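Heads up, the thing below is written out as structure tokens.
The values are calculated or read from the model by the stated rules, or taken from the named source; none is laboratory data. Keep in mind it's a predicted model, so treat the numbers as computed, not measured. Note: ideal-geometry Cβ built from the backbone for every residue, glycine included; neighbour counts use all protein chains shown.
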Amino acid sequence: MSQLTVYHYPKCGTCRNAVKWLQNEGHELTLRHIKDTPPTAEELSSLIDKSGLELKKFFNTSGEVYKQMELKDKLKGMPAEEQIKLLSSNGMLIKRPIVTDGKQVTVGYKEDMFENIWKAK
């Protein structure tokens, strides 16, 4: 099976479900603790490009840190480069899990999305 990198938070139930699903499919996983070792700004830029998603999809909008920093309104006028630096400075701001094989990237966990992208062929 393929080798995947999973940026996750071990205490997050959604992350645990995603990791379990990927392991059940037979993928080899490299797990990166998103709080202890968040992706760098360069890694995030690459992940965002490969995902095809808008930058705002990478923010954990339901998270405590996002709310405490009142980012909902602040992000609108913030340049993308600054947003990426902000994300890389605190892994708890990043929506998780992020899964990548180096070519494709998914953000969050929805079983139907995983079926389409990470299902073992």
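What tally of residues in the stretch 66-88 results from selecting those that are assigned to a helix (DSSP H, G or I), loosely packed, with under 14 Cβ neighbours inside 10 Å and either under 14 Å from the mean Cα position of the chain (by Cα) or not polar (S, T, N, Q) (or both)?
Of the residues in that region, 9 qualify.
Could you list, in sequence order, all residues of the stretch 62-121 that are of a type in the set (Ser, Thr, Tyr) and within 17 Å of residue 5 (Cα to Cα)?
88, 100, 106, 109, listed by residue number.
Return the residues of the stretch 18-42 that are in a loop (DSSP other than H, G, I, E, B) and over 17 Å from residue 113 (Cβ atoms); say none if nothing qualifies.
The answer is 26, 34, 35, 36, 37, 38, 39, 40.
Select from the stretch 7-17 the residues that are more than 21 Å from residue 117 (Cα to Cα) and without any contact (Cβ under 8 Å) to a residue 12 or more places away in the chain and list them in ascending order.
Scanning the stretch 7-17 gives a single hit, 11.
So the check is Cβ under 8 Å with 6+ separation or different chains; which pairs have a first residue in the stretch 42-54 that's modelled with pLDDT of 95 or more and a second one that's crowded, with 17+ Cβ neighbours inside 10 Å and among the small types (Gly, Ala, Ser)?
Here the result reads 43/88; 44/88, each pair linking the stretch 42-54 to a residue that is crowded, with 17+ Cβ neighbours inside 10 Å and among the small types (Gly, Ala, Ser).
Of these, 62, 51, which one is small (Gly, Ala, Ser) and within 12 Å of the chain's Cα centre (by Cα)?
51
Please find, among 45, 62, the residue that is part of a loop (DSSP other than H, G, I, E, B), under 26 Å from residue 116 (Cβ atoms), among the hydroxyl-bearing types (Ser, Thr, Tyr) and out of contact with any Cys (no Cβ under 8 Å at 6 or more places or on another chain).
The conditions single out 62.
One line per residue, one yes/no per condition, for (1) touching an Asp or Glu at 6+ places or on another chain (Cβ under 6 Å); (2) free of Cβ contacts under 8 Å to residues at least 24 places away in the same chain; (3) β-branched (Val, Ile, Thr):
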| residue | (1), (2), (3) |
| --- | --- |
| 71 | no, yes, no |
| 91 | no, no, no |
| 101 | no, no, no |
| 106 | no, no, yes |
